[in-house]
1. When you go through (1) closer than 21 Å to Val24 by Cβ; (2) small (Gly, Ala, Ser); (3) touching a residue at least 60 places away in the same chain (Cβ under 8 Å) one by one for Ser90, which number turns out not to apply?
2. Residues of region 132-152 being modelled with pLDDT of 90 or more and closer than 28 Å to Asp102 by Cβ, which ones?
3. Taking Ala60 as the residue in question, decide whether it is closer than 23 Å to Leu130 by Cα and of a type outside the set (Asp, Glu).
4. Given the residues Ala91, Ala32, which is the only one that is at pLDDT 95 or above and among the hydrophobic types (A, V, I, L, M, F, W, C)?
5. State all residues of region 19-40 that are part of a helix (DSSP H, G or I) and within 15 Å of the chain's Cα centre (by Cα); if no residue qualifies, say none.
6. Within region 32-49, does at least one residue satisfy the condition of being surrounded by 18 or more Cβ atoms within 10 Å (Cβ to Cβ), closer than 14 Å to Val3 by Cβ and not aliphatic (A, V, I, L, M)?
7. Search region 59-84 for residues being more than 18 Å from Val8 (Cβ to Cβ), out of contact with any Leu (no Cβ under 8 Å at 6 or more places or on another chain) and not small (Gly, Ala, Ser), and hand back the single one that is surrounded by the fewest Cβ atoms within 10 Å (Cβ to Cβ).
Amino acid sequence: MSVTVRPVSATDYAAWKPLWDGYVAFYGATVADDVTETTFARCLDREAPMYCFVAEVDGAVVGFAIVVLHLGTWSTAPVCYLEDLFVAESARGRGAARALMDFLVEAGRSQGWHRLYWQTKPGNAAAHALYEKIGIQTDWVRYDVDMGSGPA
């Protein structure tokens, strides 16, 4: 299977949305429609530090990765957080997730990022198997404080 990775375009929404819905369902979550639409719009907004890349096989979008570039305090180079990565169940195990990750690593190297980092659920064994080939698992512990459901 040959996988092509490219930036998302406005015409990808119809293919991206079912993948997004699958991603949200995979984590047992819900995301309001306006948040989904805003997320996609941010990925297209050249002024926003959020970017989406899609994986295509035979012209069909089968996966996506959404990243956020931000400043850091330990380097003058930008830092990249991989916020979301998902591949359609029908395309899993065939190289789409690896192609997305390889694309991000290469983008980071060519654009001079300080770091690419991400997180995933402890029980997501398939993701862990891939991620352990690419990065180093750290011992950091994450804490969250929900600020409510208002506009972000």
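The values are calculated or read from the model by the stated rules, or taken from the named source; none is laboratory data. It should be emphasised that the depicted structure is a prediction, and the values quoted were computed from it without experimental measurement. Glycine gets a Cβ as well: all are built from the backbone with ideal geometry, and neighbour counts include every protein chain shown.
1. Unmet for Ser90, out of (1) closer than 21 Å to Val24 by Cβ; (2) small (Gly, Ala, Ser); (3) touching a residue at least 60 places away in the same chain (Cβ under 8 Å): (3).
2. Glu132, Lys133, Ile134, Gly135, Ile136, Gln137, Thr138, Asp139, Trp140
3. Numbers: closer than 23 Å to Leu130 by Cα: yes; of a type outside the set (Asp, Glu): yes.
The answer is yes for Ala60.
4. Ala32
5. Here is the first cut: in region 19-40, the ones part of a helix (DSSP H, G or I) are 19-26, 33-40.
Passing the criteria: Leu19, Trp20, Asp21, Gly22, Tyr23, Val24, Phe26, Thr36, Thr39, Phe40.
6. No, that holds for no residue.
7. Looking only at region 59-84, we keep the residues that are more than 18 Å from Val8 (Cβ to Cβ), and these are 70-79.
Applying the additional criterion that residues be out of contact with any Leu (no Cβ under 8 Å at 6 or more places or on another chain) yields 70-77.
Still in the running and not small (Gly, Ala, Ser): 70-71, 73-74, 76.
Numbers: His70: 10, Leu71: 11, Thr73: 5, Trp74: 8, Thr76: 8.
The residue in question is Thr73.
For every residue, the table says whether it meets (1) in contact with a helix residue (DSSP H, G or I) (Cβ under 8 Å, 6 or more places away or on another chain); (2) touching a residue at least 24 places away in the same chain (Cβ under 8 Å); (3) farther than 17 Å from Cys80 by Cα.
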| site | (1), (2), (3) |
| --- | --- |
| Pro7 | no, yes, no |
| Gly28 | no, no, yes |
| Thr38 | no, no, yes |
| Pro49 | no, no, no |
